[in-house]
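Since the structure comes first, as structure tokens, the remarks are kept for the end.
The values are calculated or read from the model by the stated rules, or taken from the named source; none is laboratory data. Just so you know, these numbers come straight off a predicted model, no measurement behind them. Cβ placement follows ideal geometry from the backbone for every residue including glycine, while neighbour counts extend to all protein chains displayed. Just so you know, the surface numbers come from the protein's heavy atoms only, side chains and all, with ligands and any DNA or RNA stripped out. Shrake-Rupley method; radii C 1.70, N 1.55, O 1.52, S 1.80 Å.
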Amino acid sequence: MPLQFFNTYSREIEEFEPRDPSARPIRMYTCGPTVYSRAHIGNFRAYIFEDLLQRHLELRGYKVHRVMNIKDVEDKTIRGAREAGIPLQKFTEQFKDAFFEDADMLRIKRSDEYPAATDQRYIGRMIEMISVLISKGLAYQADDKSVYFRINKFPDYGKLAHFDLTQLQSTGRVKHDEYDKEHIGDFALWKAWDEADGDVKWDSPWGPGRPGWHIECSAMSMALLGDQIDVHCGGVDNIFPHHEAEIAQSEGVTGKTFVSYWLHCAHLLVDGQKMAKSLGNFYTVPDVLAKGYTGRELRYALLRVHYRVPLNFTWEGMNEARESLARIDEWLARLREVAKPGNVQRPTTAFEDALDDDLNISAALGFLFESIRETNRAMDQNKMDAASASEWLDWWKRINTVLDLEAGADVVIPHEVAQLAEERENARREKNWKRSDELRERISALGWEVRDTKDGPKLTLGAGSA
């Protein structure tokens, strides 16, 4: 099966054809965090989808040049800095650091660049683009001194979101926008400074101010990836107005198709409801870890549902993620006990073929666990030879470059659990089986399972222990 994705722009599954794969890597832009607070698990659902996409492209032999922006200047960051009584950069820095900490915990690959909107290099690029748009009659300065994009002058505006411009209503993002703008849908390219902005401002031909949030991504993408890119990702909430505006202002400047493939991730729900602090179901990565789960368990929980299907996050689902990973861990341990090193081939390409079909992670994981069942059955019946076990381990190593789910350093065994396991092993050496069973039960009560192998006891997190 050829590699294919659902393109939001066409609303169709399209075969993936890079613009020029022989001359350069795949150019991929992903919308990153707005650093006015710590990113929540809904944000990370999108970032993990983008991580899966990059890893699968690389598995299929492509090189990927990925850029993720850091949105550090907009209404919420300015308001947060003002309320905290600290400079904007100091206010946003704490949330930038938290984002990278959480992304590392979830094993998300680092992008090649993380441009920040406040970087003077990109501010200059934004001003240049706005000047070109004004010169082409696609933008204008209104009475409030802000500069707006004329959506009526861009015939393709609305095609990404697939809606009629007459349905537009005020967004409330710009004060008095219905009075100052020519059309209610015209969006801000440059926001004139006012007192609420404090010292957050840059000089421009239109007076002091700051960029609108749409122009930031266009300028940073074009500065680092060129006028045309292969893939642009984000959540479905980015489709309109953000990505629609990106197309209009980018193509308005260059006259070229901005993006070949638009991929968008569906929302994350919590217990069937929209995540909101008012509902008490708003979770960050540290919130989930505080309940005893690991980064790889959360990664699996956010990864396992197809990206275009809404994901319902539940604590039961987190326990299921733990159980699924325990099955993988046990399977790998069994394979390693019978395997021998050597040059081997992977057993099948069904996992990769599933991901070729618009990143069908559900089918790919279904094949993985069917393979685990079959190989476990073979090992139970002593029908798995060493060479075959090595083939499966080699296959796992390949697909884990995409999943990145193998047990690692993020699984920390508590001191109490480790001490009980050591006492149990001593009891076993003394053939005190009653004491050994009692210690196993105490370990289990703490949420861990102990498995006896020829190499000694192995501790794993128990299903449903959080």
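May I ask you to say which residue of Glu50, Glu93, Glu17 is under 18 Å from Gln228 (Cβ atoms) and either touching a Ser or Thr at 6+ places or on another chain (Cβ under 9 Å) or among the acidic types (Asp, Glu) (or both)?
Working: Glu50 fails: under 18 Å from Gln228 (Cβ atoms); Glu93 fails: under 18 Å from Gln228 (Cβ atoms).
None of the other options fit; the residue is Glu17.
Please indicate, with yes or no, whether at least one residue in the range 74-95 is among the charged types (D, E, K, R), open to solvent by 10 Å² or more (accessible area, probe 1.4 Å), within 24 Å of Phe49 (Cα to Cα) and at pLDDT 95 or above. Talk me through it step by step, then tell me what you get.
Here is the first cut: in the range 74-95, the ones among the charged types (D, E, K, R) are 74-76, 79, 82-83, 90, 93.
So of that shortlist, the ones also open to solvent by 10 Å² or more (accessible area, probe 1.4 Å) come out as 74-76, 79, 82-83, 90, 93.
From the residues that got through so far, the ones that are within 24 Å of Phe49 (Cα to Cα) too are none.
Within the range 74-95 (the criterion being among the charged types (D, E, K, R), open to solvent by 10 Å² or more (accessible area, probe 1.4 Å), within 24 Å of Phe49 (Cα to Cα) and at pLDDT 95 or above), the answer is no, since none of the residues qualifies.
In the range 113-133, which residue that is touching a Phe, Trp or Tyr at 6+ places or on another chain (Cβ under 7 Å) and assigned to a helix (DSSP H, G or I) is surrounded by the most Cβ atoms within 10 Å (Cβ to Cβ)?
Within the range 113-133, the first condition is being touching a Phe, Trp or Tyr at 6+ places or on another chain (Cβ under 7 Å), and the residues that meet it are 115, 123, 130, 133.
Pick out the ones that are also assigned to a helix (DSSP H, G or I) and you get 123, 130, 133.
On the way: Ile123: 19, Ile130: 26, Leu133: 24.
Checked the range 113-133; the qualifying residue surrounded by the most Cβ atoms within 10 Å (Cβ to Cβ) is Ile130.
Could you say which residue among Ser204, Ser218 is in contact with an Asp or Glu (Cβ under 8 Å, 6 or more places away or on another chain) and modelled with pLDDT of 95 or more? First the steps, then the outcome.
Details: Ser204 fails: in contact with an Asp or Glu (Cβ under 8 Å, 6 or more places away or on another chain).
Checking each option against the conditions leaves just Ser218.
Please enumerate the residues belonging to the range 1-59 that are open to solvent by less than 20 Å² (accessible area, probe 1.4 Å), over 21 Å from Phe240 (Cα atoms), hydrophobic (A, V, I, L, M, F, W, C) and outside any loop (DSSP other than H, G, I, E, B).
Residues satisfying the conditions are Ile26, Ile41, Ile48, Leu52, Leu53, Leu57.
Which residue out of Cys233, Cys217 is under 22 Å from Asn43 (Cα atoms) and either outside any strand (DSSP E or B) or not hydrophobic (A, V, I, L, M, F, W, C) (or both)? Break it down stepwise before answering.
Numbers: Cys233 fails: either outside any strand (DSSP E or B) or not hydrophobic (A, V, I, L, M, F, W, C) (or both).
Unique residue meeting the criteria: Cys217.
Confirm whether Ala142 is crowded, with 20+ Cβ neighbours inside 10 Å and touching a residue at least 24 places away in the same chain (Cβ under 8 Å). Please lay out each step first, then the result.
On the way: crowded, with 20+ Cβ neighbours inside 10 Å: no; touching a residue at least 24 places away in the same chain (Cβ under 8 Å): yes.
No, not satisfied.
Quick one: Lys63 ticks every box in (1) out of contact with any Pro (no Cβ under 6 Å at 6 or more places or on another chain); (2) surrounded by fewer than 19 Cβ atoms within 10 Å (Cβ to Cβ); (3) charged (D, E, K, R) bar one, so which box is it?
Condition (1) is where Lys63 drops out.
Filter the range 399-437 down to the residues that are among the acidic types (Asp, Glu) and open to solvent by 80 Å² or more (accessible area, probe 1.4 Å), then identify the one that is modelled with the highest pLDDT. If you could, list the steps in order and put the result at the bottom.
Going residue by residue through the range 399-437, those that are among the acidic types (Asp, Glu) are 404, 406, 410, 416, 422-423, 425, 430, 437.
Now restrict to residues that are open to solvent by 80 Å² or more (accessible area, probe 1.4 Å): 416, 422, 430, 437.
On the way: Glu416: 83, Glu422: 83, Glu430: 86, Asp437: 89.
The selected residue is Asp437.
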